[in-house]
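In what follows, a single structure is set out as structure tokens and then discussed.
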Amino acid sequence: MRIIIIEDEPPIADELRGILYSLLKEKIELIKMVHTFDDALRYLKNNEVDLCFLDLNLSGDNGFEILKETASSNYHTIIVSAYTENALEAFKYGVLDFVPKPVDVKRLKIALERFFGNHNGRENSTKYIVVKKRRAHKIISVSKILFFKAEGYLVDVYLKDGSKEIIEKPLNTLEQILPINFVRVHRSYIIDLDELDYYNRKEGNVYEIHLKNSVTVPMSYSKYKTVKNILDKI
């Protein structure tokens, strides 16, 4: 995996890099350390990254601007910051986790477990999806989203007002950061379960979900069990 550490204090970046090597070992392909706001944006624009560790205070520059600039990208971000009062705001923009400084190894390990698929802790989930619009960024409230549909390397975001946007985050990444009412019902679909009207079985093991606005999406047999278990608990 390819990791970037964006931290303006080199000793802290070195310490974090050492901890990551001790925890991840052979999983790491590269750890890049950058110490300035401009270098961070330049590197993220021109290189592929799997996981970003971001400090929110970069020698006076606001790390939130990097977060907003890159929120539509297809990698995860973990905030590493002493400013714990900013944690809730960071989660709104789709970060995977928030690790306070000084970095505790056990706490960092939990954040890495979330990256590798442990979805515990989704009570802190993203509130906004950021869509790139030429040189601007459009911020969409998750509460306005009906469902997501994968289209190759892109994802269509269908809104409750009937409009559609396009983002680059894959469904697997979205699945880890969205609120728990958003459920994967098919390899190509994530829906807001609160918008489900009913579902029915077609021929064989093919299912359909009917949303409250009369939109129909497919549901795979394996995901049917997941949805049924959730609904049975309500």
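The values are calculated or read from the model by the stated rules, or taken from the named source; none is laboratory data. Source: prediction; values computed, not measured. Note that we place each Cβ from the backbone using ideal geometry, even for glycine, and neighbour counts take in every protein chain shown.
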Would you confirm whether or not the stretch 47-54 contains a residue that is farther than 23 Å from T173 by Cα, buried (at least 17 other Cβ atoms within 10 Å of the Cβ) and not acidic (D, E)?
no
Going through the stretch 89-107 in order, the residues found to be in contact with a Phe, Trp or Tyr (Cβ under 9 Å, 6 or more places away or on another chain) and part of a helix (DSSP H, G or I) are E89, A90, F91, K92
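Do we have V183 as under 19 Å from L54 (Cα atoms) and touching a residue at least 12 places away in the same chain (Cβ under 8 Å) here?
no
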Based on this model, can you work out whether L96 counts as surrounded by 16 or more Cβ atoms within 10 Å (Cβ to Cβ), touching a residue at least 40 places away in the same chain (Cβ under 8 Å) and over 24 Å from K169 (Cα atoms)?
no
Looking only at the stretch 188-211, count how many residues are among the basic types (K, R) and either at positive phi or surrounded by 12 or more Cβ atoms within 10 Å (Cβ to Cβ) (or both).
1
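For every residue, the table says whether it meets (1) in a helix (DSSP H, G or I); (2) surrounded by fewer than 16 Cβ atoms within 10 Å (Cβ to Cβ); (3) in contact with a Phe, Trp or Tyr (Cβ under 6 Å, 6 or more places away or on another chain).
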| position | (1), (2), (3) |
| --- | --- |
| I5 | no, no, yes |
| D8 | no, no, no |
| P11 | yes, yes, no |
| D14 | yes, yes, no |
| L20 | yes, no, no |
| K32 | no, no, no |
| L41 | yes, no, no |
| L44 | yes, no, no |
Index of the failed condition, S214 passing every other in (1) at negative phi; (2) of a type in the set (S, T, Y); (3) modelled with pLDDT of 85 or more
(1)
Matching residues in the stretch 213-234 (closer than 12 Å to F147 by Cα and surrounded by fewer than 14 Cβ atoms within 10 Å (Cβ to Cβ)) number 2
Sort out which residues of the stretch 178-234 are part of a loop (DSSP other than H, G, I, E, B) and of a type in the set (A, V, I, L, M), and write them in order of number.
L178, I180, V206, V215, I234
Restricting to the stretch 172-205, name every residue that is in contact with a strand residue (DSSP E or B) (Cβ under 7 Å, 6 or more places away or on another chain), among the aliphatic types (A, V, I, L, M) and farther than 19 Å from K68 by Cα.
V183, V185, I190, I191, L193, L196
Say we look at the stretch 60-86 and pick out the residues that are at pLDDT 85 or above and of a type in the set (G, A, S); which of these is farthest from L108 (Cα to Cα)?
A82
